[in-house]
Amino acid sequence: MSHDSTAAPDAAARKLSGRRRKEIVAVLLFSGGPIFESSIPLSVFGIDRQDAGVPRYRLLVAAGEDGPLRTTGGLELTAPHGLEAISRAGTVVVPAWRSITSPPPAEALDALRRAHEEGARIVGLCTGAFVLAAAGLLDGRPATTHWMYAPTLAKRYPSVHVDPRELFVDDGDVLTSAGTAAGIDLCLHIVRTDHGNEAAGALARRLVVPPRRSGGQERYLDRSLPEEIGADPLAEVVAWALEHLHEQFDVETLAARAYMSRRTFDRRFRSLTGSAPLQWLITQRVLQAQRLLETSDYSVDEVAGRCGFRSPVALRGHFRRQLGSSPAAYRAAYRARRPQGERPGEGEEPLGQGGPGPNGQGLAGPAPAGPVGMPQPAGPVPSSLHSDGPVPHQARRTPAGALSASLPGQRSGS
């Protein structure tokens with residue numbers, strides 16, 4: 001699933017400066033970057049496929065710092081160009097950054113800012129979003145990155161509206177993608193934007209990938225707690241909530257367990273996780289339901305009760321909003337993918353190994369902890385954590401520091 005937001009008027013009206021060319025794509029490489037992500041834009045934009053009906057781009061590979069550039073497996077790369085190459089490009093791609101906690105080189109950030117000011121389209125693949133954020137190019141904008149790094153991006157750059165569920169986000173002149181293979185989705189989207197569906201389809205056939213992928217990152221989300229919260233006292237409250245998902249409780253219950261007022265608890269939870277308590281809990285309940293549908297024979301009504309939803313209707317509504325499918329259809333599709341006779345837990349691994357029993361324990365042991373940096377609704381958060389209330393629909397702009405909830409709406413289905 002992709003998010004193609006309507007570009008801001010100034011971004012839509014921005015034109016390339018005279019020295020830049022639309023067909024020139026500069027790829028900015030750094031030492032320590034993974035070779036897979038780095039190779040994606042090189043393959044998409046650097047190979048002549050005009051015989052297959054794909055218009056040709058001119059590729060400039062630029063080093064963002066002094067070389068040689070070391071990458072996966074100890075390989076060393078030498079880029080043919082330096083930062084000066086960016087000054088000619090209509091599109092600049094940052095495929096990855098080596099560390100989500102260290103700042104990129106100042107010279108590279110300055111070059112990206114100049115490129116953006118002169119009308120270039122700036123693209124960040126996976127952790128490349130951290131470079132764009134460090135340059136200030138994501139301030140006040142929706143963006144995505146690998147789901148595992150989304151909480152860190154939201155915490156380090158609170159003015160960025162991070163959505164960890166999208167495969168990519170197109171905000172006009174600044175685009176970002178999720179991890180690894182999602183970079184292919186975004187590069188195909190760029191070709192589709194520039195040259196139409198036929199060109200993108202021809203390129204997809206050459207790459208032997210789908211021209212458009214449905215769904216987002218939800219299916220890959222891990223349930224482990226990020227390091228940022230692991231040592232915080234609030235982690236005990238989070239762990240308790242995960243062990244008692246089969247019970248019904250509200251925000252006040254969690255705040256009381258943390259010995260905080262409701263307002264202080266909300267603020268503290270957001271500062272640590274980038275998410276509102278209500279939406280975080282709803283997401284955990286849906287993930288728990290997903291696991292039970294994969295690993296048990298409980299009816300949908302029973303699954304709803306074992307995940308803390310007040311009714312099956314509430315489960316169906318939240319399940320469809322987050323995963324784009326009804327619980328029954330999800331279970332049928334999951335079982336159809338498993339080889340005949342295979343037991344749950346074999347072959348394709350579900351998100352978890354079991355669901356909560358009467359004492360809050362999983363079917364195969366305690367329920368593991370969940371991802372904290374999950375999307376939140378783009379509006380006021382209801383006071384109750386009972387998971388049968390409505391979730392507001394997507395808003396393009398959300399308050400600073402929010403992880404925007406990209407619910408079905410203006411989607412391209414990529």
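The values are calculated or read from the model by the stated rules, or taken from the named source; none is laboratory data. Here the structure is a predicted model, which means the values were calculated and not measured. Heads up, the Cβs are rebuilt from the backbone with ideal geometry, glycines too, and the neighbour counts pull from every protein chain shown. We work out accessible area using only protein heavy atoms, side chains counted, and drop any ligands, DNA or RNA first. Shrake-Rupley method; radii C 1.70, N 1.55, O 1.52, S 1.80 Å.
Data overview
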| item | result |
| --- | --- |
| Residue match in segment 154-177 (condition: of a type in the set (D, E) and under 15 Å from L109 (Cα atoms)) | no |
| Among the candidates T193, T127, T180, T152, residue that is open to solvent by 40 Å² or more (accessible area, probe 1.4 Å), of a type in the set (V, I, T) and farther than 19 Å from L16 by Cα | T180 |
| Number of the exception - S102 against (1) among the small types (G, A, S); (2) modelled with pLDDT of 95 or more; (3) closer than 25 Å to G179 by Cβ | (2) |
| Total residues in segment 66-90, condition at pLDDT 95 or above and either aromatic (F, W, Y) or closer than 18 Å to T127 by Cα (or both) | 0 |
| Those residues of segment 9-53 which are in a loop (DSSP other than H, G, I, E, B), modelled with pLDDT under 90 and loosely packed, with under 14 Cβ neighbours inside 10 Å, in sequence order | K15, G18, R19 |
| Subset of segment 307-320 (residues that are surrounded by 18 or more Cβ atoms within 10 Å (Cβ to Cβ) and within 23 Å of L167 (Cα to Cα)) | G317, H318, F319 |
| Test result for L281, modelled with pLDDT under 90, open to solvent by less than 10 Å² (accessible area, probe 1.4 Å) and not in a helix (DSSP H, G or I) | no |
| Filtered residues of segment 155-177 (kept if open to solvent by less than 10 Å² (accessible area, probe 1.4 Å), under 15 Å from V92 (Cα atoms) and within 13 Å of the chain's Cα centre (by Cα)) | L175, T176, S177 |
| Residue identified as basic (K, R), out of contact with any Ser or Thr (no Cβ under 9 Å at 6 or more places or on another chain) and at pLDDT below 85 among R291, R257, R268 | R268 |
| Evaluation of M260 against (1) open to solvent by less than 40 Å² (accessible area, probe 1.4 Å); (2) outside any helix (DSSP H, G or I) (one fails), failing number | (1) |
| Residue that is nearest to L109 (Cα to Cα), among those in segment 138-152 that are out of contact with any helix residue (DSSP H, G or I) (no Cβ under 6 Å at 6 or more places or on another chain) and of a type in the set (A, V, I, L, M) | A150 |
| Matching entry among G124, G64, G53, G136 (being touching a Leu at 6+ places or on another chain (Cβ under 6 Å) and more than 17 Å from F36 (Cα to Cα)) | G64 |
| Residue match in segment 269-277 (condition: surrounded by fewer than 19 Cβ atoms within 10 Å (Cβ to Cβ), assigned to a helix (DSSP H, G or I) and out of contact with any Cys (no Cβ under 6 Å at 6 or more places or on another chain)) | yes |
| Count - residues of segment 60-92 that are among the hydrophobic types (A, V, I, L, M, F, W, C), open to solvent by 30 Å² or more (accessible area, probe 1.4 Å) and under 21 Å from E117 (Cα atoms) | 1 |
| Pairs where the first residue, in segment 247-262, is under 16 Å from P233 (Cβ atoms) and the second is in a loop (DSSP other than H, G, I, E, B), C-beta under 8 Å, 6+ apart | L254/L385; A255/S261; A258/P233 |
